[in-house]
Amino acid sequence: MYKAPSKEATDTWLDHGFFVLAGAAAVWLAFLLAGESLQLGWGQLWSWLVFWAFLAYLLLPRLHRILTTIYVPGYFIGRARTSDGLLGDPVNVALLGTERQIHAIMNRAGWTIADDVTFASSRRIVTSTLLRQSYEQAPVSPLYLFDRQQDFAYQQEVDNNPGKRHHVRFWRCPEGWMLPGGHKVDWLAAGTYDRSVGFSLFTLQITHKIEQNTDVERNHIVRTVSEGEPAVTVRVIKDFSTGYHSRNGGGDSISTDGDLPVVDARSVPVSVPNAPQQTDSRDRRPAPTIVGAALVVVRALAALALAVTLFSSSSELADVTLGDGPADAQTTTAAVTFVGIAVLVFGLGEVFLAWRIFLGSNGARVIAMGLSSVSIVVQAIDASTGTTSITLEAGLVGLATDILVLLALSSQRSRVYAKRQRVPAVPPNLTPKRLAS
């Protein structure tokens, strides 16, 4: 007997379709940008910077994500993953204890919690790195484990230079989950040492380059925690993974002996020992969701501006109508006014849609992606049939906006946020900065 697909299955297929369409549209946009850059010539450096930024931060990551979804295993293999799906840093520390106990041992060991990745923190780390200014809470890029980014990260800046730092990301393990071999742990962590800033081998992005021997950083983390908190005990799972040489998501060489230290913080005293565990990275509004909502607002403003133009020019259009009588002028005015009202309603609807996307509505996200998809497909058909020619002066900005909306809202981070199960907000008196007591 036929069984209708569930809503969850339908949503999954829709997301897959939007995700692949965004990748294909990004390839098309890259060709258009390259063509425009060639026409403008090498003297227009800004056009090539735009092309590089699009290639490095949008197109190549999306292509990597599509390919890695096919060939990278979906189970735990001792490696974190980048947002592009590439294998990232090795998971090299496990921990036992509550979230408050983890924060307590890291604070007492002299580590500083990293800021979340926001526009302000991203701008600050760029300027701090260029000017060699200290930024002890500099954010770290998101890596993924259990299909979600790290819950929090800690770091130690070296020589007051954000380009060089010790840093470690933490993920809470799912309820009832065990390591291969049946080992029960509460947290997994990936620690590496940033030695410089450079270009990613795989995506051409500007990123931190890490020290090859990740075991040195692993041992540094365990040593500082053990020295900072006497109640901590450590046992080592020898040869947890096969020792190997490989590369991380930025293309940096990494090597490890495969041992996994398990840091037991369950005996560490904290000021509020029974405080609930609250942190969940999926409940933080990610940058792609914010960017997607902002781009929908841009699209709405363009529609509202068009509506105003139609209203203000309806009488002028009536004057140049092809008809000979006043009835034709009235018909033209009425038609233009009707179109203006429709465009105005569409623009106001887009504003509401953007607000819902910002709040994390999955339905609004899907509707926005659907509108962008229809627009992209229609423009692709017109361009392929020669009906229109998409250039910087005609249509390229609008097409790029639709493609960017689709890229942002079909990303894994935006999808996970929209489909997340919300957790309660952390009360102010339970934030990590107050856990050292």
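Throughout, read-outs are computed from the coordinates displayed, never taken from laboratory work. For clarity, every value in this text was computed on a predicted model and none was experimentally measured. Don't worry about glycine lacking a Cβ; one is built from the backbone with ideal geometry, like all the others, and counts go over all protein chains shown.
Observations on the structure shown:
- Potential extension, LEU131-VAL27 segment - 0.36 nm per residue separation minus Cα distance: 33.9 nm
- Net dipole in debye of the chain [+1 Lys, Arg Cβ; -1 Asp, Glu Cβ; about Cα centre; nearest 20]: 1300 debye
- Cα gyration tensor, the range 332-409 - rounded (a/c under 1.5), prolate or oblate: oblate
- GNM flexibility winner over the chain from VAL262, VAL93, VAL397 (Cα, springs under 10 Å): VAL397
- Residue of GLY74, GLY360, GLY191 that the Gaussian network model of the chain assigns the largest fluctuation, springs spanning Cα pairs under 10 Å: GLY74
- Placing +1 on the Cβ of every Lys and Arg and -1 on the Cβ of every Asp and Glu, with no other charges, gives the range 79-279 a dipole of roughly 140 debye about its Cα centre.
- In terms of other Cβ atoms within 10 Å, ASP252, ASP257 run from fewest to most in the order ASP257, ASP252.
- Normalised per residue, the volume of the convex hull around the Cα set of the range 79-279 (Å³): 119 Å³
- Among beta bridges identified by DSSP and lying wholly in the chain, the antiparallel ones come to about 90 percent.
- Charge context of VAL72, other residues only, Cβ under 11 angstrom, K/R +1, D/E -1: +2
- Counting lysine pairs in the chain that sit 8 or more residues apart in sequence, or on different chains, and whose Cα atoms lie under 30 Å apart gives 11.
- Prolate/oblate/rounded label for the range 38-113 (Cα gyration tensor, a/c 1.5): oblate
- Helix 45-54 and the longest principal axis of the Cα set of the chain meet at an angle near 60°.
- Whole-number percent relative contact order across the range 79-279, with pairs defined as alpha carbons under 8 Å at least 6 apart: 26 percent
- Part-to-part distance (alpha-carbon centres) for the range 326-401 and the range 204-245, which is given in Å: 52 Å
- Each residue in TYR71, TYR135, TYR154 was given a count of other beta-carbon atoms within 10 angstrom of its own, and listing them fewest first yields TYR71, TYR135, TYR154.
- Scaled radius of gyration (Cα, divided by 2.2 N^0.38 Å) that the chain gives: 1.17
- Estimated FRET transfer efficiency when R0 is 30 angstrom, pair ASP159-SER253 (beta carbons, to 0.05): 0.80
- Cα-based helix-to-principal-axis angle, 119-131 vs the chain, degrees rounded to 10: 70 degrees
- Largest GNM mean-square fluctuation across ALA303, ALA120, ALA153, computed for the chain with C-alpha springs under 10 Å, falls on ALA120.
- Mean separation of Cα pairs under 8 Å and 6 or more residues apart, divided by the residue count, gives the chain a relative contact order of 17 percent.
- For VAL298, net neighbour charge (Lys/Arg +1, Asp/Glu -1) across residues whose Cβ lies under 13 Å away: -1
- Taking the number of Cβ atoms within 10 Å of each Cβ as an exposure proxy, the fewest-first ranking of MET178, MET106 is MET178, MET106.
- Mean residue ellipticity at 222 nm, helices only, the chain: -16000 deg cm²/dmol; runs of at least 4 DSSP H residues each add -39,500 (n - 2.57), and the sum is divided by the number of residues.
- Using R0 = 22 Å, the C-beta based FRET efficiency linking ASN213 and ILE77 works out to 0.65.
- Shown here: the range 123-194, whose C-alpha atoms stretch 48, 21, 13 Å along the first, second and third principal axes, sorted largest to smallest.
- FRET E, pair LEU14, LYS184, Förster distance 45 Å, beta-carbon r, rounded to 0.05: 0.75
- Folded to 0 to 90 degrees: helix 326-359 orientation relative to the chain principal axis, Cα: 0 degrees
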